[in-house]
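Please read the structure below before turning to the comments.
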Amino acid sequence: MNETIENSIPKGKIFKDKTFWVGTFLGGPLVAGYLLSENFKTIGQPEKVKPTWIITIIVTIIIFGGIFLIPENINIPNQIIPIVYSAIAYGLFKKYQEVESNEHISSGGLIHSWWRVIGISIIGLLITILPIFAIAYTSDTIEQANISTKTYGLNVKHEIAFNEENISEKEIDRIAEGFRETGFFDLSVAKYVYAEKNENKYEISISVIEGMANDNSQLQPFIDLRTQMDEYFPNNIVEFKLTVDYLDNVVKVLK
């Protein structure tokens, strides 16, 4: 009789519903693929393991590839994307595995511990973010290799940084001449700007002090300067990006 009872207890361990929320949120979509695949094995559906992994890898590439394509001026809360793919993972479990998982548990089958879920989440997170950091670092290195800087002025050294593959040195000289004519490149304080070209638009990043973007009295000179530069380049659009500390931290865009 004991042998009959032992034979009726399902083998293997299952990942419960809540682990999909926690594991996927902490470790990313690859963890969701792992949890679903392991459950398919346990509930006797191994033929679904390979398609699960294929879909998981494709979705992971789409998600994190799409993140790099989100424009800088669009601010999405950090939690939104993980919550969305965690909810999807939970929904897939509910649709394709909940009934079999509940039967497994009610028949005396074992469940995976939270320690295992946390461990898998950490591994999944590392596998996901390391390639992203590598790609970002390589991209920055390549971009920085093409960055040149020109200095203007004798006593006060104003600098314009630019990507030689994006905008010509002649155009940079023209921008510097515009800044000199409008008085922005003066004899008092050295200015540092970064210029790039997007079709017929000059996008010029100017470093400012923190809080200036919310002070109309300090912001007005930059508005006037942009208008003057727009008149100086009648065949081009001039856009100012006011930044604090580093180029990606754009606090105000003047069009």
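The values are calculated or read from the model by the stated rules, or taken from the named source; none is laboratory data. Computed from a prediction, not measured in an experiment: that's the story for all the values here. FYI the Cβ positions are ideal-geometry reconstructions off the backbone, even for glycines, and counts take in every protein chain you see.
State which residue is surrounded by the most Cβ atoms within 10 Å (Cβ to Cβ) when the search covers only region 32-57 and only residues that are farther than 13 Å from Phe93 by Cα and under 30 Å from the mean Cα position of the chain (by Cα).
Checking each candidate, the answer is Thr56.
Show the residue pairs meeting these rules: Cβ distance below 7 Å; 6+ apart or different chains; first residue within region 1-24 and closer than 12 Å to Ala87 by Cα and surrounded by 10 or more Cβ atoms within 10 Å (Cβ to Cβ); second residue at pLDDT below 85 and polar (S, T, N, Q).
Cβ pairs passing all conditions: none.
Which of the residues spanning region 166-200 are within 25 Å of the chain's Cα centre (by Cα) and closer than 17 Å to Leu247 by Cβ?
Answer for region 166-200, where residues must be within 25 Å of the chain's Cα centre (by Cα) and closer than 17 Å to Leu247 by Cβ: Asn166, Val193, Tyr194, Ala195, Glu196, Lys197, Asn198.
Does region 40-55 hold any residues that are in a helix (DSSP H, G or I) and among the aliphatic types (A, V, I, L, M), and which are they? Full working, then the answer.
Residues of region 40-55 that are in a helix (DSSP H, G or I), as a first pass: 40-42, 46-55.
Val49, Ile54, Ile55, listed by residue number.
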